[in-house]
Amino acid sequence: MALSRRSFLKGILGSGGAAMVGPSLLAPLSAKAAEETWKISGSHWGAFRARIAGGTVVELKPYEFDQTPTEMLEGIKGIIYSSSRIRYPMVRYEWYKNRGKANPSTRGDNRFIRVTWDQALDLFYQELERVQTTYGPWALHAGQTGWRQTGQMHSCNNHMQRAVGMHGNYIRKVGDYSTGAGQTIMPYVTGSTEVYAQGTSWPLILENSKVIVLWATDLAKNLQVGWNCETHESFDYLKQLQAKVADGNIRVISIDPVKSKTQHLLNCEQQYVHPQTDVAMMLAMAHTLYSEELHDQDFLDTYTLGFEDFIPYVMGEGEDKIAKTPEWAAQICGVDAERIKELARLMAAERTQLIFGWGLQRQQHGEQPYWMGAILAAMLGQIGLPGGGVSYAHHYSSIGVPASGASAPGAFPLNPDRPEDRVHQNSDYQGYSSTIPVARWVDAILEPGKKIQYNGTTSTLPDIKMMVFSGNNPWHHHQDRNRMKRAFEKLETVVAIDFAWTATCRHADIVLPACTQFERNDIDVYGSYCVRGVIAMQKLVDPLYQSRTDFEIMTELCRRFDKHKQYTRGMDEMEWVASLYQECREANKDRYVMPEFKQFWQDGIVLFDGMNNYVHHAAFREDPEINPLGTPSGFIEIFSRKIASFGYDDCKGHPTWMEKAERSHGGPGSDKHPLWLQSCHPDYRLHSQMCESKPMRERYAVQGREPIYMSPQDAKQYGISDGDLVRVFNDRGQLLAGAVVSDNYPQGVVRIHEGAWYGPEDEKMGALDTYGDPNTVTLDLGSSKLAQATSANTCLVSIEKFQGTAPEVTAFGGPSEVAPT
Amino acid sequence: MLSKLKALWRTMTRPAKHISLGVLTLGGFLAGVIFWGGFNTALEASNTEEFCIGCHEMRDNVYVELQQTVHWSNHSGVRATCPDCHVPHNWTDKIARKMQASKELWGTIFGTIDTREKFLAKRLELATHEWDRLSANGSLECKNCHEYASMDWDAMSEVARTQMEQAAERDQSCIDCHKGIAHELPESMAAASGALAGLQRQATSRFNPGQQYFSIRQLPLFTDSALSQEAGILNSGSVITVVAQQGDALQVEIDGWRKTKGFGRVINEEFGQNIREVTLEKEVATDDSMIQGFEVQEDPLTGLPWQRVSFQLWMGKDDLVDDREILWQEASELYVKNCSTCHSQPEEAHFDTNTWPGMWAGMLSFVNLDGDTQELVLKYLQKHSSDYSDGHH
Amino acid sequence: MESTNPQEQSKRSEWLSFLIICVFLFPILSVVFVGGYGFIVWMLQLIYGPPGHSI
Amino acid sequence: MENKLEQQAIKQAMEGRASLYWWFSSLLIRELTSEQLQALCSEQGSSLLSQLATEPTLRPACEKVSNELAKLRVMQDPQLELAADYATTLLGDHRSSAPPYASLYANDSALMYQEPHQQMLEALSQWQLGITLESNEPADHFAIVLDLMGNLAIKSLESRQALTAQVDLVNSLLLPALKPWSDACQRHTGLYAALSLLLYEFVKLDLSLLQEE
């Protein structure tokens, strides 16, 4: 050994070395053979079995029952082992030093420091206490919740809201970003949200329908994911439908500006329509039905109200004196007048099932196409018949799959068990609304005290000082990033609980690491609507790094105000899971045999074989008096006196065609920014979930960026080739995306899937988004005074080939630092 | 023979000539002591479990069931026997209970419940006797062992503590909540969902004419006191006024409003509000002699005319409570508990009365509630909707 | 030897009566009274409902 | 006699190596306590750095570290500043920051708990060591690898196997990852960027010394 050179190492730390060296990280341990096991669990992407070896998840395979597993299962390892995981509780440095008085304009561009769990939870608690006592419940918004990970016990929304609710009252939301307009208008029309209602079963549709109109819905894309553990059974029916289309038994027409994945799967016809003009086309169809007396007057007389108040508007005898003829509509929607008539006649001649998607109502006046769709169906008179009528949700969570009729396991409770459990009883919102429409919270921060109309009431937007987000990423799902950035500069405190460094976390002050759903024991229903079974979500690995389950995080928070016993009801994780199972077993005891919990946990799943067919609105059709709809009158309301009584100019007593704030193909604003940006649900993620999974992202990203899909014509016009980087911009913002040129897209239409993570180049207002979040450029505007829902699909942009050196993608990192000044 | 008896009577009624007062008293005293001892021994013997399960009705039914419960086997080793719970410890009541047992003797002799089927068929009636007794005495027999004052709240789970503290505050009778703790519940009750079973335990058994009562679940209505001709269904959580009683039947008056479109089969609680009270059979709804009609008003929000009506029908005495708050409390708990699994849970006052049925229908796919309970919670939501909050109440 | 002495006779019947009273009559009467009391209480309970709080 | 002297020298050298590895490990696993910071900024720290700087390959890195320490000394709240520095340099995602895990530099997947983690688990189990629960870090966290190196340095006084194991570990796992990691650290300024450089150079030097034998 070369001693001479080594001599510098002698006694190198000297006698005081102990002060410089911390405690050992290793301890003697007898060797333990790493055993290999298979476990079962579920997810939004379906059930799977996982092979665990050496304490890590090494392999995933779809659960055998699933005949059409999604390739997104492959992305799960990428979620667990993503380098974007939040590993420790972190606090924004500037905020740590100054708390609520910290300069909020540095939010998002500041350094973080690591703190212990105790410190982090103390800070969280102290902030809750400060905001409740200095302001009041109106200053705390803990109601913004979203898609969470699956699992009934650990559902993070419930945990956060129960825990914060045990401390005091807070602002809540109503509605959601997915279906805000639809779920608000439809109760007035057909008496239920429709968007979340069970739909007519596929076997009945396949058996009875002669025509299926897919109106702006992409079943094959969206049925890959489910609210609970998805079974993918609906794909069996899509395959059967494919065969019937091929045989000529069923005619399927996809009315969509874009050739959808479903259209390709079914190999069915497409009817192109200009974006955002569907209502004009539908009105013209109604005109045809009425003028050619193809409508079902008996049905209208028996089951509907207000047709006579509506039809004058169609026939040109209304206020605007414009007849909604096919010729009139053709000018707006770009569909040939003859073709409109032909479609109307076809639908009246055959048993026709109308199926709408949700993208249509995520636009300005998004209430109108849904209402008008119901009226078309009413005029056809097939509502309540198998294979007829209208559906708004066949693309969602296996709706339409014959259901078992079994009861699903309940969930960890969202609310405190008793109001007395609240530490701060103060429920004085000082005139502010305690519940606000889901998409209007940014308005509230920017313009507190503003009064807005909402669904027949007046909402006074609260002066929000603090927000708590859990498993929720508004920096993906809310519109207009730069406006949002301005709003966040007004907040005093933001707490984010998540497992990965989303943009929301980067814009927070306290960031708490939750573990993923794969690091905890839980229970879920297998098949959200069909309830095909109950699945054990067996913990695959222990929580990584310093992450904890939501249950543990919130129990510890509650311990700080001595409510932890009330919070947990004295039960631990497994006791909760077992009790949810037991309650479910009890509820099913007359219908299905379920084993004891221990056995169930060992088996991993219990399946129910019942396949009950259902016809939407059949009971109403059979006896409208005894089984009325949930509308004010109990009938289908073609004209709603109630809505008319609100006196809104943007949602009148019956469906109307209204021009949009921005519309392509010759509409307003198209001279400046000519392209319509469609930001629909992604094909390879669940909203923003899994975007951080690199193995999955590599399958679709273009030069590491989110794809922008466009037509060959547009590509040519802007000098863009497939694979180029594209700058997408309008007056609201700019982003980088990777071009995918495809025949599926018509001229004037581009698509960027929502859920792409936001990663600005720097923290300046208007900064270029480096990954491709479409909401960097979307419009933040309420759909109407009725629903105040999101209008993300009312958005025009320009594109150009990106020149120069592309900035590195910053979307998936931790907080970025700007050089201290 | 007669003369002998007469002689005996004479001897008995006259003062003793030959036996001294001391001997007589001593003899009587001794006989008394022996008698008292014997009486008590016999009484005690009839107060043992062995005696109770001496007949197979007890041994094969309730006794077997007891063995499955905590009152039979638990970690403390204390065990309850039949008389601990079923025989009053107070002397008078105990003797009365013993006399009452003559019915059981009768039953044994004539085989009233000599098969499992007969027993099951009669279980509700038998159980009701015991429940009534325990309700009335505040579950005295339970409290001989279990005292509210001796309960360690901290050792209880959060749920148990909450419930127990509330019960203790009112010194509630144990049996109110703990029916079925030692034997199986009657089938009809076990079938009801947990929630409604809880309410059924609080059902009223005494009715006063002119007073209002509220239905726990959907109940059949009849045109006759024999309860043979069905007239319709009273919805969960609906209000009726008792007019008269006849045996097991109540004559009730119902007031409400109905739309004039159709046959008028659906009776709603208030004008313009779709809060369903009764669904009538078509024949009844269209029978003017049965339904008294009053003024007609047009509902401005739908343009439909509504008519105020009143009618009298017959119904059974089960599943009615005298305080609607009992129903609302249960329904509110059910709503909070069952409905927090989805995107979010709207507050009661978030929607108006006529919007709730539609919203509720959309939420039902995700909750484990049976039909009766669904109706009850819906009614709760409607009656606490925006129409009834903000001072409208 | 059979006693025909009336004195003896009445003494005998006195003892006999005493025994009958002690051993049969009064015990039976006691049981009947207690039972009757119990029965009356039971009947009262049928009319006025089961006994309430005795404290 | 000479043999005994040599053995003494080897023992000192191995203990010295172990101390250094543990020192680096402590620097990486968590933010410095005020005690540690004080020691680092004191005479003792300076002497350690100057001692290391006698090796020509370590000198530039040592100077950088000294410079950063000098900057810290004049700061208002050096400990907190350093904690923020630590988080920025080491606790973010591998694009914006330089997380100290070998897996992230082993291949392109950008995934944690990859091959190096498994390799470390095997090594740890071979030497009958386990990671303490408080840290709950993957086994390929540099601090854990360095801790193991320290342990092996001590063990190598008795076991030849421990000596070769160190060479293997440095060759196959540590050095290939330290280079890109240290490079990534250089995107940031501050003490940790400087330390990463020093660590890389030190391990390189140590390997050459081990292999010289």
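The values are calculated or read from the model by the stated rules, or taken from the named source; none is laboratory data. The structure displayed is predicted, hence computed values, not measured ones. Cβ coordinates were reconstructed from backbone atoms using ideal geometry, including for glycine residues, and neighbour counts include every protein chain displayed.
Looking only at the range B:10-32, which residues are among the hydroxyl-bearing types (Ser, Thr, Tyr) and not in a helix (DSSP H, G or I)? Talk me through it step by step, then tell me what you get.
Restricting attention to the range B:10-32, the residues satisfying the condition of being among the hydroxyl-bearing types (Ser, Thr, Tyr) are B:11, B:13, B:20, B:25.
Across the range B:10-32, the qualifying residue is only B:Ser20.
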Original post:
Within the range A:246-267, is there a residue that is within 14 Å of chain B (Cβ to nearest Cβ), part of a loop (DSSP other than H, G, I, E, B) and of a type in the set (A, V, I, L, M, F, W, C)?
Top reply: no
(1) part of a helix (DSSP H, G or I); (2) within 15 Å of A:Val511 (Cβ to Cβ) all hold for A:Arg87 apart from (1)
Taking first residues from the range A:40-56 that are within 14 Å of another protein chain (Cβ to nearest Cβ) and in contact (Cβ under 8 Å) with a residue 40 or more places away in the chain and second residues anywhere that are hydroxyl-bearing (Ser, Thr, Tyr) and in a strand (DSSP E or B), the pairs with Cβ under 8 Å that are 6 or more apart or on different chains are A:Ala50/A:Ser41; A:Ile52/A:Thr37
(message) Can you find a residue that is modelled with pLDDT of 85 or more, within 8 Å of another protein chain (Cβ to nearest Cβ) and within 20 Å of B:Ser385 (Cα to Cα) anywhere in the range B:326-347?
(response) no
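Out of A:Lys785, A:Lys801, I need the residue that is surrounded by fewer than 23 Cβ atoms within 10 Å (Cβ to Cβ), touching a Gly at 6+ places or on another chain (Cβ under 7 Å) and at pLDDT 95 or above. Which one?
Values: A:Lys785 fails: touching a Gly at 6+ places or on another chain (Cβ under 7 Å).
Testing whether each residue is surrounded by fewer than 23 Cβ atoms within 10 Å (Cβ to Cβ), touching a Gly at 6+ places or on another chain (Cβ under 7 Å) and at pLDDT 95 or above leaves just A:Lys801.
If you take the residues in the range B:89-104 that are out of contact with any Cys (no Cβ under 9 Å at 6 or more places or on another chain) and more than 7 Å from every other protein chain (Cβ to nearest Cβ), which one is surrounded by the most Cβ atoms within 10 Å (Cβ to Cβ)? Quick ask: steps written out before the conclusion?
Within the range B:89-104, the first condition is being out of contact with any Cys (no Cβ under 9 Å at 6 or more places or on another chain), and the residues that meet it are B:89-103.
Still in the running and more than 7 Å from every other protein chain (Cβ to nearest Cβ): B:89, B:91, B:94, B:97, B:101-103.
Details: B:His89: 12, B:Trp91: 11, B:Lys94: 17, B:Arg97: 21, B:Ala101: 17, B:Ser102: 13, B:Lys103: 12.
Looking at residues that are out of contact with any Cys (no Cβ under 9 Å at 6 or more places or on another chain) and more than 7 Å from every other protein chain (Cβ to nearest Cβ), I get B:Arg97.
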Going through the range B:132-152 in order, the residues found to be assigned to a helix (DSSP H, G or I), more than 7 Å from every other protein chain (Cβ to nearest Cβ) and among the acidic types (Asp, Glu) are B:Glu141
B:Val243 meets each of (1) among the hydrophobic types (A, V, I, L, M, F, W, C); (2) closer than 30 Å to A:Asn588 by Cα; (3) touching a residue at least 60 places away in the same chain (Cβ under 8 Å) with one exception, condition (2)
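Out of A:Ala756, A:Ala806, report the one residue that is within 14 Å of another protein chain (Cβ to nearest Cβ) and in contact (Cβ under 8 Å) with a residue 40 or more places away in the chain. Write out each step before concluding.
Values: A:Ala756 fails: within 14 Å of another protein chain (Cβ to nearest Cβ).
Just one listed residue meets the conditions, A:Ala806.
Is one or more of the residues making up the range A:175-193 away from every other protein chain (no Cβ under 14 Å), in contact with a helix residue (DSSP H, G or I) (Cβ under 6 Å, 6 or more places away or on another chain), assigned to a loop (DSSP other than H, G, I, E, B) and touching a residue at least 24 places away in the same chain (Cβ under 8 Å)?
No, because not a single residue in the range A:175-193 is away from every other protein chain (no Cβ under 14 Å), in contact with a helix residue (DSSP H, G or I) (Cβ under 6 Å, 6 or more places away or on another chain), assigned to a loop (DSSP other than H, G, I, E, B) and touching a residue at least 24 places away in the same chain (Cβ under 8 Å).
Can you pull out every residue in the range B:95-113 that is part of a helix (DSSP H, G or I) and either more than 24 Å from the chain's Cα centre (by Cα) or among the hydrophobic types (A, V, I, L, M, F, W, C) (or both)? Lay out the reasoning, then the answer.
Here is the first cut: in the range B:95-113, the residues part of a helix (DSSP H, G or I) are B:95-110.
Within the range B:95-113, B:Ile95, B:Ala96, B:Lys98, B:Met99, B:Ala101, B:Ser102, B:Leu105, B:Trp106, B:Gly107, B:Thr108, B:Ile109, B:Phe110 qualify.
Kindly indicate whether A:Gly366 is at pLDDT below 95 and either within 14 Å of chain B (Cβ to nearest Cβ) or out of contact with any Asp or Glu (no Cβ under 9 Å at 6 or more places or on another chain) (or both). So that I can check it myself, show each step before the final result.
Working: at pLDDT below 95: no; either within 14 Å of chain B (Cβ to nearest Cβ) or out of contact with any Asp or Glu (no Cβ under 9 Å at 6 or more places or on another chain) (or both): yes.
In short, no.
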Can you find a residue that is under 26 Å from C:Gly38 (Cα atoms) and either within 11 Å of chain C (Cβ to nearest Cβ) or exposed (fewer than 15 other Cβ atoms within 10 Å of the Cβ) (or both) anywhere in the range B:15-26? no
- prompt: Among the residues of the range D:38-47, is any among the aliphatic types (A, V, I, L, M) and more than 7 Å from chain A (Cβ to nearest Cβ)?
  reply: no
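What strands (runs of 3 or more DSSP E) lie completely within the range A:423-509 and have 3 or more residues being crowded, with 24+ Cβ neighbours inside 10 Å and touching a residue at least 12 places away in the same chain (Cβ under 8 Å)? Talk me through it step by step, then tell me what you get.
Working: elements: A:435-437, A:451-454, A:457-460, A:466-470, A:493-498.
Because the criterion is at least 3 residues that are crowded, with 24+ Cβ neighbours inside 10 Å and touching a residue at least 12 places away in the same chain (Cβ under 8 Å), the strands (runs of 3 or more DSSP E) in the range A:423-509 that meet it are A:466-470, A:493-498.
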Taking the range B:27-80 and keeping only residues that are farther than 25 Å from C:Val31 by Cβ and among the polar types (S, T, N, Q), one is left with B:Asn61, B:Gln67, B:Gln68, B:Thr69, B:Ser73, B:Asn74, B:Ser76
By residue number, the members of the range D:170-190 that are among the basic types (Lys, Arg) and within 14 Å of another protein chain (Cβ to nearest Cβ) are D:Arg187
In the range D:94-110, anything over 12 Å from D:Pro138 (Cα atoms), touching a Ser or Thr at 6+ places or on another chain (Cβ under 8 Å) and either within 8 Å of another protein chain (Cβ to nearest Cβ) or surrounded by fewer than 23 Cβ atoms within 10 Å (Cβ to Cβ) (or both) is listed as D:His94, D:Arg95, D:Ser96, D:Ser97, D:Ala110
request  = Determine whether the range A:390-411 contains at least one residue that is within 30 Å of A:Phe307 (Cβ to Cβ) and outside any loop (DSSP other than H, G, I, E, B).
outcome  = yes
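Working only within the range B:349-365, note down all residues that are within 7 Å of chain A (Cβ to nearest Cβ) and either in a loop (DSSP other than H, G, I, E, B) or touching a residue at least 24 places away in the same chain (Cβ under 8 Å) (or both). Even if it seems obvious, please write down each step before you answer.
The first filter runs over the range B:349-365 and keeps only residues within 7 Å of chain A (Cβ to nearest Cβ), leaving B:350, B:354-355, B:357-359, B:361-362, B:365.
Passing the criteria: B:His350, B:Asn354, B:Thr355, B:Pro357.
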Considering the range B:371-388, residues that are among the polar types (S, T, N, Q) and assigned to a loop (DSSP other than H, G, I, E, B), and then whichever is modelled with the highest pLDDT, we arrive at B:Ser385
D:Leu133: passes all of (1) free of Cβ contacts under 8 Å to residues at least 24 places away in the same chain; (2) under 26 Å from D:Gln12 (Cβ atoms); (3) outside any helix (DSSP H, G or I) but (2)
Going through the range B:117-143 in order, the residues found to be aliphatic (A, V, I, L, M) and touching a residue at least 60 places away in the same chain (Cβ under 8 Å) are B:Leu120, B:Leu124
Residue within the range D:20-33 that is touching a Leu at 6+ places or on another chain (Cβ under 7 Å) and more than 11 Å from every other protein chain (Cβ to nearest Cβ) present: no
Note to self: Any residue at all in the range A:609-622 that's out of contact with any Leu (no Cβ under 7 Å at 6 or more places or on another chain), within 14 Å of chain B (Cβ to nearest Cβ) and crowded, with 21+ Cβ neighbours inside 10 Å?
What the structure shows: yes
